[in-house]
Every structure is written in structure tokens, then in C-alpha cells.
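Report on the following structure.
What follows is calculated from the coordinates using simple rules that are stated; it is not laboratory data. Since the model is a prediction, treat every value here as computed from it, not as a measurement. Don't worry about glycine lacking a Cβ; one is built from the backbone with ideal geometry, like all the others, and counts go over all protein chains shown.
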Amino acid sequence: MPRRPRPLDPDDGPLQAFAHELRCLRQAAGNPTYRALAATAGFSATTLSDAAGGVRRPTLGVTLAYVGACGGDVELWEKHWYALDRRLAGSTGADPRVRPSGVQAALTVSEVIEPTQADAETRAPMVDAFRKQGFEPEPVDTEEPGAPHRRPWSSRAWLPVMAVALVLVLVLTGLLVGLGRGSGDTHTVSGSGCPVGPAGGTAFQGTTYSGSTRVRSSATRSAPVIDQIPPGCRVQFVGFCIGDAETDETAGTPDVRWFKLGSGGMVSSAVVHGNPPWGLRPDRCPGEFPAPSSISLAVAPRPSDPEAVELRASGSYLGIVGFAGYFSDSGQTVPVPRWHQLGLIGVGFDGFVLPWRIAKPTADQGPIQLVAVACLGGDGPTDVLDALTLPPAAPTRTRPLSLGGDDRSTAARTACRYPV
């Protein structure tokens, strides 16, 4: 018999209430075992059990996979997760308006952007207060409660039958694999277990590096896992589309690109080393999001810091925004202006907001050029861009700016690059 779940009191706090609701969702789905949920969700039974344990906050990806496997409303639960994030952040001093990947490159120009101590504190990652308390997660069940105990086959009389059955299974498996393989099937594997790409039509390549790269049926975190690829595989992709935002595991920046396999499966760009070639346009795919179509940049005073401003971007179908400024580096004998990346952020609860403090202007400092660019991820700029000029002495008195082709391209690439 499996261990009983650790009792939860939803009145103990927001994390316990969240876990209690997850358990209720599973109960409403017929109380499937965690092993059954794992087959659909793409996460281990232990990880899914831990999500409903009430000890640690589950990641958004695990939560949505859990909910999707139980047939729940994924969009509604994403709102629940961010509401939990806000409540937990309120007790740790983190800024509840910005997602964890929100301000990854905001300090790439230290001589221009000078954060206050309060800014540094609000950007600190949220601390899980339950991480060191030593509670056990909700147990992983191996059998349904009340299910009859299954006797192991211990009689030697069964051995011949088992041997014949094993041979038949191996023969049938070989036939099925042989029938399923074709020259254009990316699920065909090499001797290393890596998928073999289609004979033609490959658009670009990428290398897997995580423990197991999940292939999903659509460009959403909650989509069923249809395959898994081991690390170190050079994978051929036939295109990419725009889907759910994921956090790049190496750069810590958001990414909305999903790479398409020839078989129709999707892999998040966030877990693959490699990007589509410059100029390749997003394609159609299941679960896709529309491409960014408009963006507007505005500069507003920062109430908590009179010497700083907030760069605010808004628009249609924005998932990630990069900000860049054109000015001279401080300390130069002969000032030579260039484009500097100011930030690469995902949407927060107040939209795309980047706090920015300008250094004191020099006598020869002219207006600073600023851009906001719709990005798809690190090194993934688009041509959706808005530009302003900003006088350092009066930073809220901005004016529209029209950039030429070369400047526009350079500004976009700078704003959307991986932080250095």
C-alpha cells in the first residue's frame, strides 16, 4: 500500500493552499497515480508529487504540466501560480511585478546605470522559506488505494511462458520500429540515442545540453511529452515558431522560440545551444503565439528614486523586450558614442518596465538615443522597434526618433543580445 499523503491545512499559508488545490484537482480527475500523470506530464512522479506536497513552491512548468495531465484549465492555473508568486514575494522583499527572468541585463553598463541599494534588493531572487525544513513531499503512489495486492511470479513453471512472451515482444517491437522508420523521420535514432534528421529541408541545427530534452506536441509548457532526447545530441530542425516563454538555462534570459522537428514535435529554444539563422522568419505550429506586431517606448519618472526613470514598453503580442541606448562611455578622452544594451526582460505584472538611472551629464553630452525592441530571446531580435531621444538634464522630455537601416539593425541586435 502506498504511504498516505502528508496532511495539509490550506489555512497554514498560500503555499499550503496552493498544494491543497492541486490535490483537489487530481482527486477530481479520478485520483490517477503520479506514475500515470508522469507519463503525460513529462516530469517524474516524484517531481509531480512534490508539487502537491506543500513544502516548496513548484516551478511554473511543473505546475502547468501537473494541471494539464489532470485535465485542468492551464491558463487559469498560470494566473494562480503568479498570484502565489506575488504573495510569497511579498514576504521576502522581492519585486512582485517582474517575473524571475525580468531584469537580467539591466546592469550591463555600470557607468550609466547605477542601481540603488533598494533596486538591488528588489531584484534578488525569491527565497524558498520551506527549502530547509526537511518535510517529506507527498508520497509517490505505486498502486491505487484499495487495489488488490499483486503476487510476484515466483513459480519456476512460469519461466518457459515468460521466455516465449519475451521473444514475441522483441520480434513485434523490431517489426514496429522497422515499419515506423523512414528517411524523413526525425525519431529514428543513431547508435548514441540521438535522433537522425530528415534527408533534406533542414533549416538549422542545435545541440541538446540538459539532462533530458523534452519533445512536446505543441509550443506550450503543458503540452504532452512525445519524446525525449539525451544531452549532447546534434539535432536538425526544420524551422521555428513562437510559443510559451521559457528561461534559458545558461543565460538566465527568457525565450519564446520553439524549434520544430521534422516529425512535428517541438523543442524549446531555452534548452538547446543554437539559434535560427539571421533572417529566418517564424513558422506556424500547434500552440503558437502571434508574432510581435507593434511596440511603443515611453519614459516615466520613478517615484521611489527621483534621479532615475522607468523605461516602459507596450505593444501587441510582446513576449520579450530588449532596451538599448546610444551614448559615449564615461572616461573617454575623445567621446565615441555606441549602442549599449540596457536590459532584456520578460513581461511583468505591470508590463515591460525597466528602472534606469542616468549618470550625471557632461558639458558636451547631447541627447541620448533609446530603443525598445520586440525580441524572441537572446540573439533573437525582430524588426519591431520604437526609438526616442532623451535629454540627460530633462529625461522625461523625450522626442520620437527615426533610425536608418544600419542603425536600426545595430540597435535591435544590441538590445536583444545575450547579456555579457
| remark: Packing-ranked peptide list from 288-301, 42-55, highest mean Cβ count within 10 angstrom first, is 42-55, 288-301
| said: Given contacts defined as C-alpha pairs under 8 Å and at least six residues apart, what's the relative contact order of region 220-329, whole-number percent? | reply: 21 percent
| task | Report the full-extension gain for the segment residue 407 to residue 24: residue separation times 0.36 nm, less the Cα-Cα distance, to one decimal in nm. | result | 132.4 nm
| query | Quick one: Karplus J couplings for region 225-235, per residue in order, coefficients 6.51, -1.76, 1.60, θ = phi - 60°, nearest Hz, x for Gly and Pro? | reply | 7, 9, 6, 9, 10, x, x, x, 8, 8, 9
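Mind ranking 277-287, 235-245, 368-378 by how tightly packed they are, going by the mean number of other C-beta atoms within 10 angstrom, highest first?
Values: 277-287: 13.1, 235-245: 22.8, 368-378: 26.3.
Averaged packing, sorted descending, gives the order 368-378, 235-245, 277-287.
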| task | Within 10 Å, count the other beta carbons around each residue, average over each peptide in 218-226, 338-346, and list them highest first. | result | 338-346, 218-226
| Which translational diffusion coefficient, to the nearest whole µm²/s, is obtained for region 226-374 from the Stokes-Einstein equation, given a Kirkwood hydrodynamic radius over C-alpha pairs, 25 °C and 0.890 mPa s? | 137 µm²/s
| note | Two pseudo-spin positions, 7 Å from Cα along C-beta at residue 11 and at residue 294, lie apart in nanometres by 5.1 nm
| field | Spin-label pair residue 207/residue 420, simplified geometry with 7 Å Cα→Cβ offset, distance in nm | value | 2.2 nm
